[in-house]
Amino acid sequence: MARTQGHGNPDWTRDETILALDLYFDLNGKIPSGSDERVRALSDVLRRFPYHAGASKKESFRNPDGVAFKLQNLRQIATGKGLGNVSETDRKVWSEFGTSPAQVKSMANLIRAGVVASEVAKPEMLDFEFAEGRVITELHSRREREPKLRQRLLSSRRASGKLFCEMCGAPPRSTNAEFEDAHFEAHHIIPLSSTGERTTRLSGLALLCANCHRLLHRAIAIEKRWLTVAEGRAMFGISSSN
Ligand SMILES: [Zn+2]
Ligand SMILES: [Zn+2]
């Protein structure tokens, strides 16, 4: 079989290396080949990771032979023999966790749970699917989550007074600077499909508390048309004097 040590594949990340180290500890220093069931299982998890989306379509990406190779790298560090192919991340992860198999196990469990969670999180999008369809819905949600956009909106609202939800009027529960903005999300007033713009203007955004934002998106999905913040307010019986 061809050598598969990821030519053209992205470097292993810290999370991935922790998963490999977890398996390394389980194996008690014996490195099996790529046909081993445990090696295959890890390859499977790594190929489902939410990042490296493009690379993971390549057959060579984190395939069982690549995983076995990584285990050999880790053994090289553990034993100090033949350190030729060892990466900086391998070294760092080993120096942090090389003597703590139990900690590695619990972190690896969390990481694996995270991979599963990121997969099951997808159908949730259907709750928010707009009349424009799935692609627009995903694009919309992604744009609304852009940290820079939200930060710009927050600073513009701060400059003109105190923060509050533009649907229910709720102020932040804490005025401590470290917490006060955690409440709020950016919402597009105009559906992306009708603007055709590639950049978002602040005037097209409303600052909503996370609760109102979810309710409004659910209402939009149910009504299959774009609702204004005022319509959302009316629908949920929130008085505008709030
Ligand atoms: Zn609100
Ligand atoms: Zn929104």
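The number of residues in region 171-187 that are more than 19 Å from residue 148 (Cβ to Cβ) and within 16 Å of ligand 2 (Cβ to nearest atom) comes to 0.
Selection of first residues in region 164-189 that are in a loop (DSSP other than H, G, I, E, B) and of second residues that are among the charged types (D, E, K, R), restricted to Cβ pairs under 8 Å at least 6 apart or on distinct chains, gives the following pairs, ordered by first then second residue: 167/233; 168/233; 171/162; 172/180; 172/181; 174/180; 179/173; 183/173. Screening 205, 215 for residues that are surrounded by 18 or more Cβ atoms within 10 Å (Cβ to Cβ) and either at pLDDT below 90 or more than 11 Å from ligand 1 (Cβ to nearest atom) (or both) leaves exactly one candidate, 205. Look at (1) over 15 Å from residue 12 (Cβ atoms); (2) at pLDDT below 85 and you find that residue 103 fails only one, number (2). Taking first residues from region 21-44 that are within 20 Å of residue 107 (Cα to Cα) and partners that are assigned to a helix (DSSP H, G or I) and among the small types (Gly, Ala, Ser), the Cβ contacts under 7 Å between residues at least 6 apart in sequence or on separate chains come to 22/108; 39/68; 42/20.
So, of the residues in region 67-88 that are among the small types (Gly, Ala, Ser) and part of a loop (DSSP other than H, G, I, E, B), which turns out to be most open to solvent (accessible area, probe 1.4 Å)? Only one residue tops the list, namely 84.
Of the candidates 154, 149, 163, the single residue that is modelled with pLDDT of 85 or more, under 25 Å from the mean Cα position of the chain (by Cα) and within 16 Å of ligand 1 (Cβ to nearest atom) is 154. I'm trying to understand the selection: among the residues of region 33-66, which are surrounded by 16 or more Cβ atoms within 10 Å (Cβ to Cβ), assigned to a loop (DSSP other than H, G, I, E, B) and not small (Gly, Ala, Ser)? Across region 33-66, the qualifying residues are 36, 49, 52, 61, 62, 63.
The values are calculated or read from the model by the stated rules, or taken from the named source; none is laboratory data. What you are looking at is a predicted structure, and each value in this text was computed from that prediction instead of being measured. Glycine gets a Cβ as well: all are built from the backbone with ideal geometry, and neighbour counts include every protein chain shown. Calculation scope for accessible area: heavy atoms of the full protein, side chains included, ligands and nucleic acids excluded. Shrake-Rupley method; radii C 1.70, N 1.55, O 1.52, S 1.80 Å.
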